[in-house]
Every structure is written in structure tokens, then in C-alpha cells.
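What follows is calculated from the coordinates using simple rules that are stated; it is not laboratory data. Since the structure is predicted, the reported quantities are computational estimates derived from the model, not experimental observations. With ideal geometry, Cβ positions are generated from the backbone for all residues, glycine too; neighbour counts draw on all protein chains shown.
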Amino acid sequence: MRLVSLLPSATEIVYALGLSDQLVGVTFECDEPAAARSEKTVVVGGRDTRGMSPREIDDYVKGATAVGRDLYTLHAGALAGLDPDLILTQDLCRVCAIPSGHVQDALGHLGCRADVLSLDPHTLDEVLGTILDVGGRTGVPGRAHGLVADLRGRLEAVARAVAGRPRPRVAVVEWVEPPFTAGHWVPDLVSAAGGEPVAARPAAKSVETTWAEFTGARPDVVIVAPCGFHLDGAARQASAVAARFPDAQVWAVDADGIVVRPGPRLVDGVEAFAAILHPGAVPEPPPGAVTRLR
């Protein structure tokens, strides 16, 4: 089976299932594993925002969506040349990837007969379910069930380690300029790590809010995890907002690595959050995962 992934989390799932030899196309944002972009054909492009501030990125996204302009470009010719059997995409967030409807339209125009599987989890449990979905559609359900069993085992180990401990109030900031709440599966990570999510939207879309909502929630711990950024970028943004929370610990985390991409590494995120909230109860996260600002 020839697979094309149109979102980074799907690429991670494919590799975790041992199907990298069947993956022929990825996006320009697929950076885990690092070899994905160099070894596979890039079929989706987009604007390089690395030199832009959070406010500039937000203005660009809002401006594009206001006029109906796509944030991503599907390289139709490259896609057609790969002759895929299955394309993995999503409808959850237009800012994160090309919607499945656009992919279906492109396939019809190209005359391709590939199946399209849309992965749209809203909770941590549903993220694990998408792994089973991919495993079933690619003919490796046993591998998928084994992987999910391992991930659930790690979650259960964290639950045992933090059981009976006080649950700190935790605010996760998904964007800083303007501020956005934590949504979808992110509050689940906090709960699984032994915290109480505040100023959050469990199983719902992250939304723009005010700093007053965050400060009014009286968090004990603030975790800055801006979508689209690894630890260095998250730390810069956390340092800019730390003064707003004089009575809370302020941490930055590798958001793209362990928080915002709905794939297997969300369990790494739970383990990292647990280490932040309950020092000594679980092993310390690896270098490059988290850093404390205050």
C-alpha cells in the first residue's frame, strides 16, 4: 500500500506502526522523524513563518481565512505522480492541514482513486483511537493494538505515580499574542498528569481569550505550549508573558513535539507534565522537552 500523509501527526503514526517503507508523500512540516522530509516526496507546502512573531502569524492566518485563501498548497502534480492508495488528512483544524474535502476535490480533478482517511480526534482517548484506525486501514491492526496497549500502559503508570497527590491548577497557553486557551486533547494531558486544567476547553476548539481569563483562573502552574513551536520558540514566548503570573510557576514545553500534534508522543507530553507537576514521582523528561522560566 502506498501512503501519503498530509499532517505531521499522521506521519508519526505511520512510522510508529513500522510502515515507513510504504509512506511516499509528506508535508513540509513533517519533521519527526527527522528523515521524513528528506526521504519522502513533499506534496504540501506553506508559508515559512519562522521569522514571524506570534502576532504577525496570527494576523496572517486571520487575513487568509477571512478571504477564503488556503494556508497550505497541495502540489497536485507530485501527488498524482505518487499514485497513492491511501491519503491521511484531517478536518479538525484548517490552520493545521488541508481539509479532507479539498483533498477529495483534488483527487477528482486528477483522476486519482486513492482512499482518504480523515483523522479528527478531540480527546486523548480519541487520539489513541486514530492509531487503531490507521492500523486497520493499512492492514496492520495487530501492530496498532500493540502500540496503543503500550501507550495506555505508560498512562496507567503515570496515574499510579501521581495518585493521591494534590492536583495543581494548570493553565496551558496555546498561543500568546493574542492569548488562546488550551483545547481538544490538551486538557486531558493535564488531567492524566495529575493536574486540574483551568482556563481550558476540553474536547473543544482552542479559542482566543484574554489574559484576564488566565489570571482569573488562579493557576499554580502555567505551561506555555504554542502550536507550531518547539522548545526554543516556546521559551521565548513564555519569557514574554511570565510577569503576568507572579504567583505561579511558568514553564515552556516542546509544543510540536509532545503537546499539540495528535499522535503517539502525546503520552510523552503526559509524562513531561507529570514531572513538572509532581517532581520525583516520575522520571525527568529528556533534554529539549521542557524548561522552567520561573
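Summarising the amide proton neighbourhood of Ile223: residues at separation of 5 or more, or on other chains, whose placed amide H is nearer than 5 Å comprise Ala171, Val172, Val173, Trp251. For the pair Ala157 and Thr49 in one chain, pulling the backbone fully straight at 0.36 nm per residue adds 35.1 nm over the alpha carbon distance.
Here the residues Arg265, Arg294, ranked from fewest to most Cβ neighbours within 10 Å of their Cβ, fall in the order Arg294, Arg265. In a simple Cβ point-charge model (Lys, Arg +1; Asp, Glu -1; nothing else charged), the range 166-292 has a dipole of about 160 debye relative to its Cα centre.
Based solely on its DSSP helices, what 222 nm [θ] is calculated for the chain when runs of n ≥ 4 H residues each add -39,500 (n - 2.57) and the sum is averaged over all residues, nearest 500 deg cm²/dmol?
-12000 deg cm²/dmol
Rounded is the label for the range 166-292. Its Cα gyration tensor axes, ordered a ≥ b ≥ c, give a/c under 1.5. With both partners inside the chain, how many of the DSSP beta bridges are antiparallel, as a percent to the nearest 5? Of those bridges, close to 25 percent are antiparallel. Taking the fewest neighbouring Cβ atoms within 10 Å as the starting point, the ordered list for Ile131, Ile223 is Ile131, Ile223. Across the range 190-202, coupling constants 3J(HN,Hα) worked out from phi with the 6.51/-1.76/1.60 Karplus curve, θ = phi - 60°, read 4, 4, 5, 8, x, x, 10, x, 10, 6, 10, 10, x Hz, and Gly and Pro carry x. Between the listed residues Leu79, Val116, Ala193, the Cα displaced farthest toward the positive end of the dipole of the chain, a dipole computed from Cβ unit charges relative to the Cα centre, is found at Ala193. Using the Cβ-Cβ distance between Glu284 and Arg2 with R0 = 41 Å, the FRET efficiency computed as 1/(1 + (r/R0)^6) comes to roughly 0.50. A crude spin-label estimate for the pair Tyr60 and Asp120, with each label 7 Å from Cα along the Cβ direction, gives 2.7 nm. Relative to the dominant Cα principal axis of the chain, helix 231-241 is inclined by about 40°. Using a Gaussian network model of the chain in which every pair of alpha carbons under 10 angstrom is joined by a spring, one finds that among Ala281, Ala243, Ala200 the greatest mean-square fluctuation is at Ala243.
DSSP loop trypsin sites (Lys or Arg not before Pro) in the range 1-48 with at most 16 other Cβ atoms within 10 Å of their Cβ, which ones?
Numbers: sites: Arg2, Arg37, Lys40, Arg47; in loops: Arg2, Lys40, Arg47.
Answer in residue order: Arg2, Arg47.
Classify the chain as rounded, prolate or oblate from the Cα gyration tensor: take a ≥ b ≥ c as the square roots of its eigenvalues, call it rounded if a/c is under 1.5, otherwise prolate when a/b beats b/c and oblate if not.
Because a/c hits 1.5 or more and a/b fails to exceed b/c, the chain counts as oblate.
Subtracting the Cα-Cα distance of Ala34 and Arg244 from their residue separation scaled by 0.36 nm leaves 72.0 nm. Among Pro219, Pro202, Pro279, which one shows the highest mean-square fluctuation when the chain is modelled as a Gaussian network with alpha-carbon springs under 10 Å? Evaluated over the chain, the most mobile residue of the options is Pro279. Listed from fewest to most Cβ neighbours within 10 Å, the set His184, His75 follows the order His75, His184. Dipole magnitude for the chain: about 440 debye, using +1 per Lys or Arg Cβ and -1 per Asp or Glu Cβ, origin at the Cα centre.
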